[in-house]
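Shown next, in structure tokens, is the structure this report addresses.
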Amino acid sequence: MVDNLSTPAGNSSDKRPHQAGLAIGTNTWFLTSSMSIEWMVDTGAEIACITQATANNFRLKNTGGSAAATTGGGGILIKSGLTTEFEVIDSSGNCTKVQCTLDVGVKPNNAGSEILGMDQIENAKAIVEWEPKSGKGRLRR
Amino acid sequence: MTHEEFVDWLRDEVRNERMSESEMDDLLRQKRLFDGERSIIESEYYRRVVGYVAGYRRVANGIHELIDAAKAQFPDNMIYFEPVGFTLL
């Protein structure tokens, strides 16, 4: 079966699942814009979460926030207006791009990965298969 | 993140025109309500996501459920929330 998850580009010793995708939104000139993102698929994340640097590329609407929502006591702001794009493998084995417009969390800094949470995977009606030993896996339906 | 760090972050968002001053003030107002009821919230709502929006407490089983409910009722208000007894990521 074809794979669409792998270790992060340039670091095969990192055993967490990643996939190249897009973040799409409206830029500061009110034009639709997209940027390449290496999503980390995080089964421990209830919500997708992007770094401050990624968020700064788009005009996002503020929904809310929390000073204590993440492991280690970190905060997040919740914003709407960002579309995530990633790939799932359908039941016929074909690769399909899917987009999700759920609100995302924004980190207070640029530490760590751009996180594709289980909210997005559920929204795409997908499941996660990951083999850390081989560093390969699939987001599939 | 301490309260002071959270306030500094919001001020930075305002300074960089990613958040309006009224949104910041609203969010901090809701946080004050949450902080004032923190001990009750932590004892009554284990494993749930609790927020304040427009002065009202809202409780949900997940973050999107909470956000969707808050937006439906108060689309122009900010919600301050915390997951109780767990983290979102």
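Taken together, the values in this text are just the output of simple stated rules run on the coordinates, not laboratory data. These figures come from a predicted structure and were not determined experimentally. Cβ: placed from backbone, ideal geometry, glycine included. Neighbour counts: every protein chain shown.
Values as computed for the structure displayed
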| item | result |
| --- | --- |
| Degrees separating the helix B:3-15 axis from the principal Cα axis of chain B, which is the longest one | 40 degrees |
| Chain A: most fluctuating residue of A:87, A:131, A:38 per GNM, C-alpha cutoff 10 Å | A:131 |
| Sequence-distant residues sharing a close amide H with residue B:79 (under 5 Å, placed H) | A:64, A:65 |
| Counting DSSP beta bridges with both ends in the stretch A:5-140, the antiparallel % (nearest 5) | 85 percent |
| Chain A - mean residue ellipticity at 222 nm from DSSP helices (-39,500 (n - 2.57) per run, n ≥ 4, rounded to 500) | -1500 deg cm²/dmol |
| Kirkwood Rh, Cα atoms: Rg over Rh of the protein assembly as shown | 0.98 |
| FRET efficiency, 1/(1 + (r/R0)^6) with R0 35 Å, evaluated for residue B:42 and residue A:128 via beta carbons | 0.65 |
| Gaussian network model of chain A, Cα within-10 Å springs - most flexible of A:84, A:63, A:71 | A:71 |
| Choice from B:16, B:77, B:61 with maximal GNM fluctuation in chain B (Cα, 10 Å cutoff) | B:16 |
| Point-charge dipole on Cβ atoms (K/R +1, D/E -1) for chain B, about Cα centre, debye to 20 | 340 debye |
| Degrees separating the helix B:21-36 axis from the principal Cα axis of chain B, which is the longest one | 30 degrees |
| For chain B, calculated [θ]222 nm from helices alone, where every DSSP H run of n ≥ 4 adds -39500 (n - 2.57) | -16500 deg cm²/dmol |
